[in-house]
Amino acid sequence: MKKILWVAALLLIASACKTNPFTGQRTLNFYPNSQVFPTAFAQYDQFLEANKVETGTADAKMISKVGQRIAAASERWLTANGYPGYLKDYKWEYNLVKDETVNAWCMPGGKIVFYTGILPICQGETGIAVVMGHEVAHALADHGAQRMSAGTLQQLGAVAGNVAIKDESTLAVFNQAYGIGTTVGGMLPFSRSHETEADKIGLQIMAIAGYDPKEAAELWKRMKANSGGQGPPEFLSTHPSNDTRINNLTVWAPEAEAEARKFGVTSFQ
């Protein structure tokens, strides 16, 4: 049984053959869009039915406008860099939900939600573009499917350990150590790397869409102020610290401007 589990794990890893177009690296991803997208679309529809979606307001229209510009910029970048048709299965949708939560998210396949609670921190269209670019980047880089893949391998490792270890006291120690070790040493850094990657990709995409990438660091300064500087230590968090993000975005902004110039974009709003 143990041997079968390890063979299964190796086969799953070997099948992780999708390339991230933005980094050129092969990614841990053995869930195809054809499997992930329909589930994500159904969950998105269920969420919208259960929440108050704003329609027809100036804010709702702005969310849609920015989303369309970011999606178009993504298409331009992907086509220019040898990935025409990459987004053919994406079904872009942008909705504003009345909720004071300071958050936004994008499901696999391009289903996006902004909460009204984040709009005061965005302070207008460019701030929305910062957040939109980041969330869209998660979908473009298949981060959802990668997290599912990593979670599957984590579960297989736990099962293999429980099959191999017969002594109950040793098994209890293994389960505790494995849970903490794979979370702090594996899953959390994996998640933080996704957030950092989405920050960098999102910055380039928003710049190609005509939005000022220098505003990204300013938005995260406002996010830091809104949180009161509170938060867990970075190594125990799914996200980089606010300071790490601010520093990264400041350094990357000129690179994003240079990328935008390749597409004829020389001024930003």
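Miscellaneous remarks
- For residue 64, the shell of other residues with beta-carbons less than 15 Å away shows a net charge of 0, using +1 for Lys and Arg and -1 for Asp and Glu.
- For residue 241, the accessible area of its heavy atoms, probed at 1.4 Å with every protein chain present, is near 40 square angstrom.
- For residue 221 and residue 34, the FRET efficiency from 1/(1 + (r/R0)^6), where r spans their Cβ atoms and R0 equals 30 Å, is about 0.15.
- Backbone HN-Hα couplings from phi across the stretch 76-87 [Karplus 6.51/-1.76/1.60, Hz, Gly and Pro as x]: 4, 5, 5, 5, 5, 9, x, 10, x, x, 4, 9
- Net length gained if the chain between residue 262 and residue 121 were fully extended (0.36 nm per residue, minus Cα distance): 47.7 nm
- Partners for residue 88 among aspartates and glutamates (Cα-Cα distance below 12 Å; same-chain residues under 8 apart left out): 75
- Computed label-point distance, nm, for sites residue 58 and residue 196 using a 7 Å Cα→Cβ extension: 4.0
- FRET E, pair residue 79, residue 49, Förster distance 25 Å, beta-carbon r, rounded to 0.05: 0.10
- Environment charge of residue 135, counting only residues whose C-beta is closer than 12 Å and scoring Lys/Arg +1, Asp/Glu -1: -1
- What the phi angles of the stretch 246-258 give under the Karplus curve with 6.51, -1.76 and 1.60, with θ = phi - 60°, is a coupling list of 4, 5, 4, 5, 5, 5, 7, 4, x, 5, 5, 4, 5 Hz, glycine and proline written as x.
The values are calculated or read from the model by the stated rules, or taken from the named source; none is laboratory data. Keep in mind that this is a model prediction, so the values were computed, not measured. Note that each Cβ is placed from the backbone with ideal geometry, even for glycine, and that neighbours are counted across all protein chains shown. Areas reflect the complete protein model, heavy atoms only, side chains present, ligands, DNA and RNA absent. Shrake-Rupley method; radii C 1.70, N 1.55, O 1.52, S 1.80 Å.
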